[in-house]
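Visitor: One structure follows; several queries about it will come next.
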Amino acid sequence: MLNKTIEQLEQEFQAKIDAEIKIEPKDWMPDAYRKTLVRQISQHAHSEVVGMLPEGNWISRAPSLRRKAVLLAKVQDEAGHGLYLYSAVETLGTSRDQTIEDLLSGKAKYSSIFNYPALTWADMGAIGWLVDGAAIMNQVALCRASYGPYARAMVRICKEESFHQRQGYEIICTLMKGTDAQRQMAQDAVNRFWWPALMMFGPSDTDSPNSAQSMKWKIKRFSNDDLRQKFVNATVPQAHLIGLTLPDKDLKFNEATGNWEFGEMPWDEFFNVVKGNGPCNKKRLRDRNTAHDNGAWVREAALAHAEKRAERQRKAS
Ligand code: FAQ
């Protein structure tokens with residue numbers, strides 16, 4: 001490797017990617033590839049962890065023991081997803097402490113969707129059905145990402161997200177079979193979460209600075225707009241099946257393309273939320289910092305325990 005030029009190394013690297021050979025942590029990789037993975041995977045990890053907040057808020061208010069147990073399990077799954085993803089970032093040479101510090105200081109991004117409030121129980125259904133549904137649409141493709149540790153983490157995450165999506169749809173279906181007030185609550189949640197869910201796929205392809213390179217490196221397999229369209233196509237029939245309308249007067253089926261065409265995306269709102277000015281950005285960061293501070297004793301205890309074990313092993317050997 002020492003005798004090779006950067007150009008040769010880059011060519012070999014791209015050839016491996018083109019041949020669908022996974023890149024592993026100890027393999028040579030261009031700095032920009034490493035940087036883009038650290039960026040995307042850490043934002044993804046932060047999204048899972050911040051994503052626990054709106055749902056965590058409903059665990060104590062779930063309408064039955066069964067609903068409480070399911071929601072609790074789902075929120076715990078999100079914590080697990082965060083941990084797999086933080087581990088994948090570590091394999092790229094960035095410390096977990098640094099990655100988490102970037103979230104807590106407000107430097108790092110996380111998905112725009114988690115800056116919206118969860119106002120009613122129906123929001124738990126809308127989040128599971130629409131938010132996890134959008135997440136899987138994007139993440140199934142990431143199971144084939146070129147970086148091995150990310151792709152492998154995504155396989156497990158997708159299995160769990162698929163359960164999350166079904167539990168959300170089941171909540172909404174149950175409400176739609178209920179009283180007028182329950183149906184209205186479901187419709188209201190869908191009205192509020194529909195556009196923010198579509199924004200999860202990121203800016204349109206013409207405004208997505210990272211897409212072209214990420215697709216060449218096979219980190220991304222589909223463009224933001226392609227995935228958004230696939231999500232709309234999959235979700236509109238599910239809404240209609242149970243009597244929900246979607247808050248888009250321009251939504252119409254195009255027989256020729258087989259696509260559900262949708263109206264103008266609220267891009268001003270998207271960029272505003274990403275810049276930190278969404279309804280809950282400040283609260284989410286504050287709550288995450290409080291949770292981190294409250295967990296200090298757990299981290300200290302775990303470290304003290306690990307040191308004691310290491311000391312015992314040193315003495316025994
Ligand atoms: N929110 O050039 P692109 C979940 C940023 S997990 C905020 O298109 P890229 C599970 C983007 O980072 C949800 N920022 O970027 C769950 C970039 O900023 P930078 C998270 C956004 O990376 C469910 C800039 O805009 N999923 O929900 C957003 O090629 C329920 C330009 O954009 C993932 O993270 C956004 N929506 O494509 C948990 C999946 N969109 O860094 C709890 C992995 C874009 O240049 C409860 N990530 N930006 O300053 C990806 O697939 C990609 O990163 C995209 C964006 C598709 C999100």
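Visitor: Test of understanding: among 73, 151, 88, 145, which residue is modelled with pLDDT of 95 or more, of a type in the set (A, V, I, L, M, F, W, C), more than 12 Å from the chain's Cα centre (by Cα) and more than 27 Å from residue 33 (Cβ to Cβ)? Give the derivation first.
Guide: Values: 151 fails: more than 27 Å from residue 33 (Cβ to Cβ); 88 fails: more than 27 Å from residue 33 (Cβ to Cβ); 145 fails: more than 27 Å from residue 33 (Cβ to Cβ).
Selected residue: 73, the only one of 73, 151, 88, 145 that is modelled with pLDDT of 95 or more, of a type in the set (A, V, I, L, M, F, W, C), more than 12 Å from the chain's Cα centre (by Cα) and more than 27 Å from residue 33 (Cβ to Cβ).
Visitor: Please return the ranges of helices (runs of 4 or more DSSP H) entirely within region 66-175 where 1 or more residues are among the acidic types (Asp, Glu).
Guide: On the way: elements: 96-104, 122-126, 133-142.
Counting at least 1 such residues, we get 96-104, 122-126.
Visitor: Then there is this: Of the residues 256, 212, only one is within 11 Å of the ligand (Cβ to nearest atom), more than 24 Å from residue 189 (Cβ to Cβ) and not aromatic (Phe, Trp, Tyr); which? Quick ask: steps written out before the conclusion?
Guide: Working: 256 fails: within 11 Å of the ligand (Cβ to nearest atom).
After applying the criteria, what remains is 212.
Visitor: Let me ask something additional. Every residue in region 91-104 that is free of Cβ contacts under 8 Å to residues at least 12 places away in the same chain and either surrounded by 15 or more Cβ atoms within 10 Å (Cβ to Cβ) or within 12 Å of the ligand (Cβ to nearest atom) (or both), please.
Guide: Filtering region 91-104 down to residues free of Cβ contacts under 8 Å to residues at least 12 places away in the same chain leaves 95-98, 101.
Hits for region 91-104: nothing passes.
Visitor: Sticking with this structure for a sec: Restricting to region 102-143, give me the number of residues that are under 19 Å from residue 187 (Cβ atoms) and among the hydroxyl-bearing types (Ser, Thr, Tyr).
Guide: 2
Visitor: Is there any pair linking a residue in region 35-53 that is over 11 Å from residue 108 (Cβ atoms) to one that is part of a loop (DSSP other than H, G, I, E, B) and more than 8 Å from the ligand (Cβ to nearest atom), with Cβ under 6 Å and at least six apart or on different chains, and which?
Guide: 37/92
Visitor: Next question, about the same structure. Report yes if residue 163 is surrounded by fewer than 17 Cβ atoms within 10 Å (Cβ to Cβ) and within 13 Å of the ligand (Cβ to nearest atom), otherwise no. Reasoning before the result, please.
Guide: Details: surrounded by fewer than 17 Cβ atoms within 10 Å (Cβ to Cβ): yes; within 13 Å of the ligand (Cβ to nearest atom): yes.
Answer is yes for this residue.
Visitor: Inspect all residues belonging to region 106-117 and state whether any of them is of a type in the set (Phe, Trp, Tyr), within 12 Å of the ligand (Cβ to nearest atom) and over 13 Å from the mean Cα position of the chain (by Cα).
Guide: Step one: of region 106-117, the residues of a type in the set (Phe, Trp, Tyr) are 110, 114, 116.
Still in the running and within 12 Å of the ligand (Cβ to nearest atom): 110, 114, 116.
Among the residues that remain, those that are also over 13 Å from the mean Cα position of the chain (by Cα) are: 116.
Checked against the condition, which is being of a type in the set (Phe, Trp, Tyr), within 12 Å of the ligand (Cβ to nearest atom) and over 13 Å from the mean Cα position of the chain (by Cα), region 106-117 yields at least one hit.
Visitor: Looking for whichever is closer than 30 Å to residue 98 by Cβ, not in a helix (DSSP H, G or I) and not hydrophobic (A, V, I, L, M, F, W, C) here; the options are 16, 26. Which one fits? Quick ask: steps written out before the conclusion?
Guide: Working: 16 fails: not in a helix (DSSP H, G or I).
After ruling out the rest, the residue left standing is 26.
Visitor: Select from region 215-226 the residues that are surrounded by fewer than 21 Cβ atoms within 10 Å (Cβ to Cβ) and among the aliphatic types (A, V, I, L, M) and list them in ascending order.
Guide: Scanning region 215-226 gives a single hit, 215.
Visitor: For residues that are within 8 Å of the ligand (Cβ to nearest atom) and not hydroxyl-bearing (Ser, Thr, Tyr), scanning just region 21-49, find the one that is surrounded by the most Cβ atoms within 10 Å (Cβ to Cβ).
Guide: Initial filter on region 21-49 (within 8 Å of the ligand (Cβ to nearest atom)): 36, 39-41, 43-44, 47-48.
Narrowing further to those that are not hydroxyl-bearing (Ser, Thr, Tyr): 39-41, 43-44, 48.
Values: 39: 15, 40: 21, 41: 29, 43: 17, 44: 25, 48: 23.
The extreme case among them is 41.
The values are calculated or read from the model by the stated rules, or taken from the named source; none is laboratory data. It should be emphasised that the depicted structure is a prediction, and the values quoted were computed from it without experimental measurement. We place every Cβ from the backbone using ideal geometry, glycine too, and count neighbours over all the protein chains shown.
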